[in-house]
Structures are given as C-alpha cells and as structure tokens.
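Take a look at the structure below.
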Amino acid sequence: MTTNACFYVLNQEHGPDTTVPAHFDLAAKIALEQFRSGERVFVYIDDIALAHQFDEHLWQFEADSFVPHNLQGEGPKGGAPVEIGVTPPVGRRTVLINLSMTLPDFIRRFNQVFDFVPVEAVQKQAARERFKQLRQLGAVLSTQEISQ
C-alpha cells in the first residue's frame, strides 16, 4: 500500500483566533473535511496536554461545523470518526493528521498523511526530517503553501 503525504507549509505562527498554533487550526479544518468525506481520522500528537488543547479547539473552531471526535480511550467503542491520541490507534483508520514533532512508527497503516511545516525554526527542521523519512519509506509526497 502506498501512503500519500501532504505537507502544508505555513507562513504564520498562529491561527485566526491566535490562541492555537496555525497548524492546529489547519489540522481542525482538515479533520472536518476528511470527516465529511467519510474517512476515519487519527490525529497523532506529542503529549496529553496538547491533545486536550487540540480537542478543545475542535469543539470551538467553527460554530456551524461539528466534528465528532474523542481523545483516545474516551467516546464510543471503536472511537469517534476523529480520534486524538499519543499512542497507536486501535482499529482501522485511513487518514493520519500528524501534529507531532516526530513521525510515528505506525505510519504505514495510513493511506493519507497530512503534516505541517510551521514557521518556528525547530518545528520547521523537525518537519524536514519527517519529510525525508516519508520519502525513504516510499510515500508519494506533495507540499502546499498556505497563506492566511
């Protein structure tokens, strides 16, 4: 199975509401879009505190757009259509939104990966490393410039 990976190159540090990083805001929009197209999404993130921050953002980011989601271990059996976690997901999920500084070792489970190149230098360098790792794994890579 070939994995497709799209890296979004950001040009600002914060989203429109400035309380979350710009890549969190974009990740929420991608989660909504993927949910609406019937995909089961896993959002991989570095730690529980950030997972809670992203969870809160999904509740609030667009008043007219509900994204059924849960943190790992919460919600219905099998999880909601969008699950946020720090360990490998249980069950089949086709889309990964990577909000982590690293590439998960379970990356090959996914058909589609969305990743981000934030403005901040350390995060940008980490994104370059993830891009190189995905290329070495044979993923089909693309980039998209985001200007907000």
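The values are calculated or read from the model by the stated rules, or taken from the named source; none is laboratory data. All figures in this text were calculated on a predicted structure; none of them were measured in a lab. Positions of Cβ are backbone-derived with ideal geometry, glycine not excepted, and every protein chain shown enters the neighbour counts. Protein only, heavy atoms only, side chains kept; ligands, DNA and RNA dropped before computing areas. Shrake-Rupley method; radii C 1.70, N 1.55, O 1.52, S 1.80 Å.
Taking the full set of protein chains and a 1.4 angstrom probe, give the accessible area of R108 in square angstrom, rounded to the nearest 10.
Probe radius 1.4 Å; accessible area of R108 about 150 Å².
Not counting ligands, DNA or RNA, and with a 1.4 Å probe, what is E83's accessible surface area in Å² rounded to the nearest 10?
Result for E83: roughly 10 Å² accessible.
Determine the calculated [θ] at 222 nm for the chain from helices alone, applying -39500 (n - 2.57) to every DSSP H run no shorter than 4 residues and normalising by the residue count; nearest 500 deg cm²/dmol.
Working: 3 runs with 44 residues, N = 148.
It comes out at -9500 deg cm²/dmol, rounded to the nearest 500.
About the Cα centre, and with charges only on the beta carbon of Lys, Arg (+1) and Asp, Glu (-1), how big is the dipole of the chain? Nearest 20 debye, please.
Details: 13 positive and 18 negative charges, 167 e Å.
So the dipole magnitude of the chain works out to roughly 800 debye.
Top to bottom by accessible area (1.4 Å), largest first, where do D115, D55, D64 land? Working shown, then result.
Working: D115 0, D55 20, D64 130 Å².
The ranking, largest first, comes out as D64, D55, D115.
Give me the accessible area per residue for the chain, probe 1.4 Å, as a whole number in Å².
Value returned for the chain: 51 Å² of accessible area per residue.
Extending each Cα 7 Å along its Cβ direction at A63 and L50, get the distance between those two points in nm, one decimal.
3.1 nm
Give the ranking of V119, V41 by solvent-accessible surface, highest area first, calculated with a 1.4 Å probe. Walk me through the intermediate numbers first.
Numbers: V119 55, V41 0 Å².
From most exposed to least exposed: V119, V41.
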